[in-house]
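J.: Okay, here's the structure, questions in a sec.
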Amino acid sequence: MKALICGAGIAGLTLAWRLERAGWQVTIIERAPGPRNAGYMIDFYGSGYDVAELMGLLPQLQVIHHAIPELAYVDHNGRRVAGISYATFSQIQRGRLHNMMRGELEQVLLEALPPAVELRYGRSIEAVELHDSHVEVLLTDGVRERADLLVGADGIHSRVRTLVFGAEQRFMRDLGAHTAAYIFADPALRQQLEGRFKMISSPGREAGFYPLPNGQIAAFFVHRAASAVLPAVPGAELARVYSDLGWIVPEALRHCGESIYYDRVAQIEMPHWSQGRVVLVGDACQAVSLLAGQGASMAMGGAYVLAQMLAEHPTVEAGLAGYEARIKPAIRRKQAIGRRTASWIVPRHQWHIAARNRLLQLGQLPGLAWLLRPVLAAGSESVV
Ligand SMILES: Cc1cc2nc3c(=O)[nH]c(=O)nc-3n(C[C@H](O)[C@H](O)[C@H](O)COP(=O)(O)OP(=O)(O)OC[C@H]3O[C@@H](n4cnc5c(N)ncnc54)[C@H](O)[C@@H]3O)c2cc1C
């Protein structure tokens, strides 16, 4: 059986690994010219952690883990006002938690790929033709491929989804916020982080800074935005929204360059995840958004279960149905939690910020970590 996977991201690489093990011939088509090693820091726990364990990758995750003692909220002068130790977060996840750059996780998955998996960078999918028992695909380099299964693992703005299921706006639920991330080097600013992940918030906007090795910082921004339309110049928009936030923010904004990631915060909801011999996996069909967290983890969970279901069922169609039935309820729950906890991540009002800080202070007291469980552990049960 031959599978063509569009997208060498978190879901695509996980799926390729597991399908190859089950005897599939796997080809991956990736639009980027090579591995994308930057991005943003992710908290990694739940389904993805379990999948990484099944794949034998926990030692590699330990290597890329960024040991950060605390997430600290600071005021506009940089004074700590609240925080949560990662030891508490890790304890809530029973010690099964890592922090890593998204690109570092992708690299670990890439290195784990068996040599038999073919990975072609710098191309995408131009057209898809569905047949009863196979699919014909025209690639952007003019090559035609025939596969028993085409998988759209090409992220929240999936090309496969648009070609086969319909326009993006039919499936995208806008959550009324924009997010941005970039990495920059400034050893002096990095010192002010004191090894911690520091965040600063004011009603409707939040900025966070992770210390990275070699004097680097991973900056992250999320703010409420009524329009779903993205700004023409993301850096200018960030400066407009955040430059009066105080602390190190104005200096950090001056480092914002070409390689900025900027997108709306959204979820993907679809009535069906497959059509004939085409199926979607990861953010393409189940994006939960950064407000819910665990998108990468759920992408790995969904990919692993998809391959498992294809192996366990007598037909591809039955496998695809089994996959959707197993994963979709957990995704729906996680998406609902993300919408409910939005005011925790991007507080609307000053009293939201005060309440969040108070809860964090209480959660740090001996025996009261359970107070944080509804926010830090909600929906993190494994799908694997
Ligand atoms: C700011 C931010 C913070 C986040 N924090 C966390 C967190 O703490 N924990 C967590 O678990 N998740 C987090 N996430 C979510 C997580 O990054 C995503 O859910 C996850 O990367 C989805 O994996 P994926 O493989 O489905 O898609 P992606 O990782 O987006 O990969 C898609 C791949 O497809 C490729 N592609 C796209 N279009 C095409 C095309 N037309 N043709 C060929 N290839 C294509 C892309 O280049 C990419 O390689 C965060 C996301 C953001 C934006």
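J.: Where does the chain land on Rg/Rh, using Cα atoms and the Kirkwood Rh?
T.: A ratio of 0.97.
J.: Give me the Kirkwood hydrodynamic radius of the range 79-177 in Å, from all C-alpha pairs, to one decimal place? Mind dumping the intermediate values first?
T.: Numbers: mean 1/r = 0.0560 Å⁻¹.
Every distinct Cα pair counted, the radius reaches 17.9 Å.
J.: Let me ask something else. If you take the Cα atoms of the range 11-102, find Rg, then find the Kirkwood Rh from the mean of 1/r over all pairs, what is Rg/Rh?
T.: Checking Rg against Rh, the ratio lands at 1.09.
J.: Still on this structure, please answer the following. Work through the residues other than Asp154 whose Cβ is under 9 Å from its Cβ and net out their charges, Lys, Arg +1 and Asp, Glu -1.
T.: Neighbour charge sum, excluding Asp154 itself: +1.
J.: Pairwise over distinct Cα atoms, reciprocal of the mean inverse distance: report the Kirkwood radius of the range 205-330 in Å, one decimal place.
T.: The answer is 17.4 Å.
J.: Compute the angle between helix 316-340 and the longest alpha-carbon principal axis of the chain, please, reported from 0 to 90 degrees and rounded to the nearest 10.
T.: It is inclined by approximately 10 degrees.
J.: Quick one: grab the alpha carbon gyration tensor of the range 3-55, order the square roots of its eigenvalues as a ≥ b ≥ c, and give me rounded if a/c is under 1.5, else prolate or oblate depending on whether a/b is larger than b/c.
T.: Here the range 3-55 falls in the oblate category.
J.: Along its three principal axes, how long is the range 254-384 when you only count alpha carbons? Whole Å, largest extent first please.
T.: 54, 44, 24
J.: Determine by what factor the alpha-carbon radius of gyration of the range 270-322 differs from 2.2 N^0.38 Å, reporting the quotient.
T.: Details: Rg = 11.7 Å, N = 53, 2.2 N^0.38 = 9.9 Å.
So the range 270-322 has a normalised radius of gyration of 1.18.
J.: Taking a probe of 1.4 Å, how large is the accessible area per residue of the range 281-361, in Å²?
T.: Normalised by residue count, the accessible surface of the range 281-361 is 36 Å².
J.: Something else now. Out of the DSSP beta bridges found with both residues in the chain, what percent are antiparallel (nearest 5)?
T.: Expressed as a percentage, antiparallel bridges in the chain total about 70.
J.: Right, something else. Please determine, in degrees from 0 to 90 and to the nearest 10, the orientation of helix 350-363 with respect to the longest principal axis defined by the Cα atoms of the chain, where the helix direction is its Cα long axis.
T.: For 350-363 against the chain, the angle is about 90 degrees.
J.: Using Cα-only point scatterers and the Debye equation, what is log10 of I(q)/I(0) for the range 139-232 at each q in 0.25 Å⁻¹, rounded to two decimals?
T.: Those come out to -1.24, one per q.
J.: Between Arg277, Arg340, Arg196, where does the largest GNM mean-square fluctuation fall for the chain, given springs only between Cα atoms within less than 10 Å?
T.: Greatest mean-square fluctuation among the candidates belongs to Arg340.
J.: Would you please classify the overall shape of the range 313-384 from the alpha carbon gyration tensor, given that a ≥ b ≥ c denote the square roots of the eigenvalues, rounded means a/c under 1.5, and beyond that prolate means a/b larger than b/c while oblate covers the rest?
T.: oblate
J.: Cross-link partners among lysines for Lys2, C-alpha distance below 27 Å, same-chain residues fewer than 8 apart left out?
T.: In chain and number order, the partners are Lys328.
J.: In the neighborhood of Leu58, defined by Cβ-to-Cβ distances under 13 Å, what is the net charge if each Lys or Arg adds +1 and each Asp or Glu adds -1? Spell out each step's value before the answer.
T.: On the way: positive: Arg96; negative: Asp50, Glu53.
Value of the local net charge: -1.
J.: Now, a different point. Around Val249, what is the net charge, scoring Lys/Arg as +1 and Asp/Glu as -1 over all other residues with Cβ under 13 Å from its Cβ? Don't jump to the answer; show the numbers that get you there.
T.: Details: positive: Lys198, Arg205, Arg240, Arg254; negative: Asp75, Asp186, Glu206, Asp244, Glu251.
So the environment of Val249 carries a net charge of -1.
J.: Also, quick follow-up: Just going by the charge dipole of the chain, with Lys and Arg at +1 and Asp and Glu at -1 on Cβ, which of Trp24, Ala116, Gly56 is farthest out on the positive end?
T.: Value computed over the given set: Gly56.
J.: Compute the long axis of helix 10-21 from its Cα atoms, compare it with the longest principal axis of the Cα atoms of the chain, and write down the angle in degrees, 0 to 90, nearest 10.
T.: Tilt of helix 10-21: around 40 degrees.
J.: Tell me the Kirkwood hydrodynamic radius of the range 67-112 in angstroms, computed as one over the mean inverse distance between distinct C-alpha pairs.
T.: Final number for the Kirkwood radius of the range 67-112 is 12.7 Å.
The values are calculated or read from the model by the stated rules, or taken from the named source; none is laboratory data. Note that the structure is a prediction, hence the values are computed from the model and not measured. FYI the Cβ positions are ideal-geometry reconstructions off the backbone, even for glycines, and counts take in every protein chain you see. Ligands, DNA and RNA are stripped out before the accessible areas are found, and what is left, the full protein with its side chains, is counted by its heavy atoms. Shrake-Rupley method; radii C 1.70, N 1.55, O 1.52, S 1.80 Å.
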